[in-house]
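The next block holds one structure in the form of structure tokens; read it before the comments.
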Amino acid sequence: MPESQSLKDKRQVVRSLQARLRNQYSVSVAETDFQEKWQVAELLVTYAASDSGQAQSVLSKVVDYTEGFHLPVEIIEAYTELIDF
């Protein structure tokens, strides 16, 4: 979030993105690091599915959506880990 000027700016962007991801993709989203830095956030997105292909597809769409998000957000790193039970 290179354009954030304060923690308030950052939190507004993060909350908006979290809500949109939850509503659109039925994922869980948590801010997991950098809570006190105003230009950086780390988000963890989780999705449970019975089919790994579906999970991969949804998580890929989440990354695409975030990259195209209308607020100033830049993805530095994204990775996916599938856990089978």
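Read the figures in this text as sums done on the coordinates, not as results from a lab. If you're wondering where the values come from, they're calculated on a predicted model, not measured in any experiment. All Cβ positions, glycine included, derive from the backbone under ideal geometry; neighbour counts span all protein chains shown.
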Fill in the blank from the handout: Highest mean packing first, using Cβ neighbours within 10 angstrom, the peptides 67-76, 52-61 sort as 52-61, 67-76
Exercise for the section: Report, by chain and number, residues whose modeled amide H sits under 5 Å from the one on L43, excluding near sequence neighbours (fewer than 5 apart, same chain). Expected result: T32
Fill in the blank from the handout: Under 20 Å by backbone N from the virtual spin label 7 Å along Cα-to-Cβ at S50, the residues of region 9-28 are 26-28
Practice task
Could you check which residue among D64, D51, D33 shows the biggest mean-square fluctuation in a GNM of the chain with a 10 Å Cα cutoff?
Solution key: D51
Fill in the blank from the handout: Rounded to the nearest 10 degrees, the helix 7-25 long axis (Cα) sits at an angle to the longest Cα principal axis of the chain of 20 degrees
Fill in the blank from the handout: The base-10 log of I(q)/I(0) that the Debye equation returns for the chain at q = 0.16 Å⁻¹, one scatterer per C-alpha, is -0.61
Fill in the blank from the handout: For D84 and E67, extending 7 Å from Cα along the Cα-Cβ vector and measuring point to point gives, in nm, a value of 2.8 nm
Practice task
Mind checking the full-extension length gain between Q5 and V40? Use 0.36 nm per residue of separation minus the Cα-Cα distance, one decimal, nm.
Solution key: 11.5 nm
